[in-house]
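The values are calculated or read from the model by the stated rules, or taken from the named source; none is laboratory data. It should be emphasised that the depicted structure is a prediction, and the values quoted were computed from it without experimental measurement. In this analysis, Cβ positions are derived from the backbone assuming ideal geometry, glycine residues included, and neighbour counts consider all displayed protein chains.
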Amino acid sequence: MSGAHDLNVSRETFERLHIYETLLRKWTLRINLIAKSTLDVLWTRHFVDSAQVHRLAPHPVSHWADLGAGGGFPGLVVAIMAMDSGSPSRVTLVESDARKCAFLRTVIRETGAPATVINDRVENIPPLEAEVVSARALADLGRLLAFASRHLKPTGTAVFPKGETWRAELEAAQSTWNFDYQVAKSETEQGPVILTVTGVARV
């Protein structure tokens, strides 16, 4: 449970996250939901890391889309935290791997989280018109901005956790895209950041 105290959530939300954790540990034995090397630091590396994405987004939000949802980070944590705060009202999790989608739907069913799953590639689906878009470890920033421009409302915000190479990705993306951004240092790791991006448009 190391790192759980950093979440500052209600007892009910903590219990739902614990259900999620139990299912994650069980399913990870069969399918590659997260790196097995991170199982010992699960709360800090995945839950607390995702919770900070929820906090950095503007609220209230009616529709949040998490692209390349994988094992549900950050999108499923966002949906569970929303059961406390009421924001976002709903979360759409987009994931191309059918087995991961089955896992996500299981957690949603067991926790009652306000989320739905779309089993398809991000570039194949119609625009989601979301107010917030997130993606973790899905693609470089240039590709993420292309996804954001497709699935965000014009006034929407994208929230992207990025690793230590974020400056190089930012510079490369600025040759193709116009956007405003803010940088927040990760609370859980030295080096990584979370980029909050608005006003995405092609150069």
Handout entry: Test: residue in the range 42-54 that is part of a helix (DSSP H, G or I) and surrounded by fewer than 16 Cβ atoms within 10 Å (Cβ to Cβ)
Key = no
Completion exercise
Considering residues that are closer than 19 Å to LEU24 by Cβ, surrounded by fewer than 17 Cβ atoms within 10 Å (Cβ to Cβ) and among the aliphatic types (A, V, I, L, M), the number found within the range 106-152 is 1
Exercise for the section: Consider only pairs whose beta carbons are under 6 Å apart and that are at least six residues apart or on different chains; among these, list those whose first residue lies in the range 30-56 and is at pLDDT 90 or above and whose second residue is acidic (Asp, Glu) and surrounded by 13 or more Cβ atoms within 10 Å (Cβ to Cβ). Expected result: VAL48/ASP6; GLN52/GLU187
Exercise for the section: For the range 153-162, indicate whether the set of residues that are polar (S, T, N, Q), in contact with a Gly (Cβ under 8 Å, 6 or more places away or on another chain), buried (at least 23 other Cβ atoms within 10 Å of the Cβ) and closer than 24 Å to VAL203 by Cβ is non-empty. Expected result: no
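Per-residue answers, yes or no, for (1) in contact with a Leu (Cβ under 6 Å, 6 or more places away or on another chain); (2) within 18 Å of LEU138 (Cβ to Cβ); (3) crowded, with 21+ Cβ neighbours inside 10 Å:
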residue: LYS26; (1), (2), (3): no, no, no
residue: ILE34; (1), (2), (3): no, yes, no
residue: ASP40; (1), (2), (3): no, no, no
residue: ALA57; (1), (2), (3): no, yes, yes
residue: HIS63; (1), (2), (3): no, no, no
residue: ALA69; (1), (2), (3): yes, yes, yes
residue: VAL78; (1), (2), (3): no, yes, yes
residue: GLY86; (1), (2), (3): no, no, no
Practice task
Considering every residue within the range 9-17, establish whether at least one is under 19 Å from GLY75 (Cβ atoms) and modelled with pLDDT under 90.
Solution key: yes
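Matching residues to (1) at pLDDT 95 or above; (2) hydrophobic (A, V, I, L, M, F, W, C):
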| residue | (1), (2) |
| --- | --- |
| GLY71 | yes, no |
| SER85 | no, no |
| CYS101 | yes, yes |
| THR165 | no, no |
Exercise for the section: Might you check whether a residue that is assigned to a strand (DSSP E or B) and either closer than 22 Å to ALA135 by Cβ or hydrophobic (A, V, I, L, M, F, W, C) (or both) occurs anywhere in the range 55-63? Expected result: yes
